[in-house]
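The values are calculated or read from the model by the stated rules, or taken from the named source; none is laboratory data. Just so it is clear, the structure is predicted and the values come from calculations on it, not from any experiment. Using ideal geometry, Cβ is built from the backbone for each residue, glycine included, and neighbour counts are taken over all protein chains shown. Accessible surface is based on the protein model in full, side chains and every heavy atom, while ligands, DNA and RNA are left aside. Shrake-Rupley method; radii C 1.70, N 1.55, O 1.52, S 1.80 Å.
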Amino acid sequence: MKQKLLFGLQCAVTLGLLGWIFRSPEMRDNLWVIAGNADLRWVAAAVAVAGIESFLGAVRWRIFLGVLGVSLPFWQTVRLFYLGLFSGSFFVGSVGGDAVKVFALIGLRQKKTAALLSVVLDRTSGIFALVATTGVFVSWHYDWLAQSEIVSGLVYFLFAYLGGAVLFLALTFAAARFGLHDRLPEGVPFRENLLQMGDMYALFVRCWAKSLLGASISFLMLGGYFLIFYCSMRAYGVELELGKVFALMPVVDVISSMPVSLGGVGVRESLFVLLLGKLAGVSEPVAVWISLTGFMASLFWGIAGVFSLPQVRGLVEKGKALSQ
């Protein structure tokens, strides 16, 4: 029931925001004119970069599976990754995609703890890259971002959100370092999750070379993701310098990844309309197409997960049954 309510809420938010974006006839008419004038070379570049970025995601996940002792054939790992990418794009966001991968691994008779930790390690590695990249580029272009009070407020929210994530990771790391997790009494809320965090940090330290490789790939992936939208901007004649794109994208990435809409659709477009309109004078139709083109470039590769669905569906159902 909770999943159905969440899905219904996400649908309502997505449709509501899209309805607001496409509210005027002028907006709708200009949208198609602008789409027809897009530079297809830059659109193709966005799709190509998205393909590289998604494949690097599969490689990173495979590295962390290896850290956990999970041995799968390379192409099976890639297939499961793209199934998760497809699920995250069309259903309940990235968390839903992670759940699909976890259940599929359990269906393959992998340990539940290893399956869960593989996606936690994967996500945590991405957080480190996002925090570092945000700190550099947002600080570098803060005066430009602060031209708008609304944008400045979003930047403060971004720093608060990432600061909270870093504080949580620091506290759980300190607890793991001094063995406090093991002393938690039975019945403490999220005790099992905290114990898993301790196991995760131990793995990070013990397998430092692979952890460092995974973190390096995270930086490449994040840069690739931001570059997708830089190519989308160029496709519609917006020549915003790359450093400013890298300063804008953390705001878009963090807020649109929150599970309030389907795959961030609607939220992402609203943010591009606001940010590019306030800071670069970009019209609403152009900003919407920039967002949609970047999203569809990534979605193109997510659709590859469709081809894995018939083979893996049984594994996911089996994993759900075994995890109960």
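Only one of these is open to solvent by 20 Å² or more (accessible area, probe 1.4 Å), in contact with a Gly (Cβ under 8 Å, 6 or more places away or on another chain) and over 25 Å from ALA165 (Cα atoms): SER283, SER257. Name it.
SER283
Could you list, ordered by first residue, the pairs with Cβ atoms under 6 Å in which the first is in the stretch 58-78 and crowded, with 21+ Cβ neighbours inside 10 Å and the second is acidic (Asp, Glu) and assigned to a helix (DSSP H, G or I), at least 6 apart or interchain?
TRP61/ASP122; PHE64/ASP122
Among the residues of the stretch 116-128, what is the count of those that are buried (at least 16 other Cβ atoms within 10 Å of the Cβ) and either without any contact (Cβ under 8 Å) to a residue 60 or more places away in the chain or of a type in the set (D, E, K, R) (or both)?
Keep residues of the stretch 116-128 that are buried (at least 16 other Cβ atoms within 10 Å of the Cβ), which gives 116-122, 124-126, 128.
Add one more test, that the residue is either without any contact (Cβ under 8 Å) to a residue 60 or more places away in the chain or of a type in the set (D, E, K, R) (or both), and what stays is 118-119, 122.
Looking only at that region, the number is 3.
For the stretch 220-254, name all the residues that are open to solvent by 20 Å² or more (accessible area, probe 1.4 Å) and of a type in the set (Phe, Trp, Tyr).
Correct list: TYR225, TYR230, TYR236, PHE246.
Against the conditions (1) buried (at least 16 other Cβ atoms within 10 Å of the Cβ); (2) within 18 Å of the chain's Cα centre (by Cα), where does PHE157 fall short? Just the number, please.
Just one mismatch for PHE157, condition (1).
Considering only residues that are among the charged types (D, E, K, R) and surrounded by 22 or more Cβ atoms within 10 Å (Cβ to Cβ), which ones fall in the stretch 94-115? First the steps, then the outcome.
At the first step, the residues of the stretch 94-115 found to be among the charged types (D, E, K, R) are 98, 101, 109, 111-112.
Result: LYS101, single match.
Take the residues in the stretch 200-219 that are of a type outside the set (A, V, I, L, M) and touching a residue at least 40 places away in the same chain (Cβ under 8 Å), then tell me which one is surrounded by the most Cβ atoms within 10 Å (Cβ to Cβ).
Filtering the stretch 200-219 for residues of a type outside the set (A, V, I, L, M) gives 201, 204, 206-208, 210-211, 214, 216, 218-219.
Restricting the remaining residues to those that are touching a residue at least 40 places away in the same chain (Cβ under 8 Å) gives 204, 207, 210-211, 214, 218-219.
Working: PHE204: 21, CYS207: 18, LYS210: 16, SER211: 20, GLY214: 26, SER218: 24, PHE219: 16.
Per the criteria, the residue is GLY214.
Looking at the stretch 52-66, is at least one residue over 25 Å from SER216 (Cα atoms) and modelled with pLDDT under 90? Quick ask: steps written out before the conclusion?
Taking the stretch 52-66 and keeping what is over 25 Å from SER216 (Cα atoms), we get none.
No, because not a single residue in the stretch 52-66 is over 25 Å from SER216 (Cα atoms) and modelled with pLDDT under 90.
Of the residues GLY84, GLY66, GLY51, only one is among the small types (Gly, Ala, Ser) and under 20 Å from PHE128 (Cβ atoms); which? Even if it seems obvious, please write down each step before you answer.
Details: GLY84 fails: under 20 Å from PHE128 (Cβ atoms); GLY51 fails: under 20 Å from PHE128 (Cβ atoms).
Of the residues listed, the single one that is among the small types (Gly, Ala, Ser) and under 20 Å from PHE128 (Cβ atoms) is GLY66.
Of all residues in the stretch 260-272, count the ones that are over 11 Å from the mean Cα position of the chain (by Cα) and either open to solvent by 30 Å² or more (accessible area, probe 1.4 Å) or of a type outside the set (S, T, N, Q) (or both).
At the first step, the residues of the stretch 260-272 found to be over 11 Å from the mean Cα position of the chain (by Cα) are 260-262, 265-272.
Pick out the ones that are also either open to solvent by 30 Å² or more (accessible area, probe 1.4 Å) or of a type outside the set (S, T, N, Q) (or both) and you get 260, 262, 265-269, 271-272.
So the answer is 9.
Name the residue that is modelled with the highest pLDDT, counting only residues in the stretch 31-51 that are open to solvent by less than 60 Å² (accessible area, probe 1.4 Å) and over 30 Å from TRP75 (Cα atoms).
ASP39
Cβ-Cβ distance below 7 Å, separation of 6 or more or different chains: which pairs start in the stretch 238-255 with a residue that is closer than 18 Å to TRP140 by Cα and end on one that is charged (D, E, K, R) and crowded, with 21+ Cβ neighbours inside 10 Å?
Every condition considered, the pairs that remain are VAL252/ARG268.
Rundown of residues vs (1) free of Cβ contacts under 8 Å to residues at least 60 places away in the same chain; (2) part of a helix (DSSP H, G or I), yes/no style:
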{"residue": "LEU85", "(1), (2)": "no, yes"}
{"residue": "GLN147", "(1), (2)": "no, no"}
{"residue": "SER152", "(1), (2)": "yes, yes"}
{"residue": "ALA165", "(1), (2)": "yes, yes"}
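Got a sec? Which of PHE219, PHE300 is at pLDDT 90 or above and among the aromatic types (Phe, Trp, Tyr)? So that I can check it myself, show each step before the final result.
Details: PHE300 fails: at pLDDT 90 or above.
The match here is PHE219.
If MET258 satisfies all but one of (1) of a type outside the set (D, E, K, R); (2) part of a loop (DSSP other than H, G, I, E, B); (3) more than 19 Å from GLY97 (Cα to Cα), what's the number of the condition it fails?
Against the list (1) of a type outside the set (D, E, K, R); (2) part of a loop (DSSP other than H, G, I, E, B); (3) more than 19 Å from GLY97 (Cα to Cα), MET258 comes up short only on (3).
Just to be sure I understand, how many residues within the stretch 98-124 are more than 15 Å from GLY66 (Cα to Cα) and among the small types (Gly, Ala, Ser)?
Final tally of qualifying residues: 3.
If you take the residues in the stretch 287-303 that are surrounded by 21 or more Cβ atoms within 10 Å (Cβ to Cβ) and over 17 Å from ALA45 (Cβ atoms), which one is nearest to the chain's Cα centre (by Cα)?
GLY302
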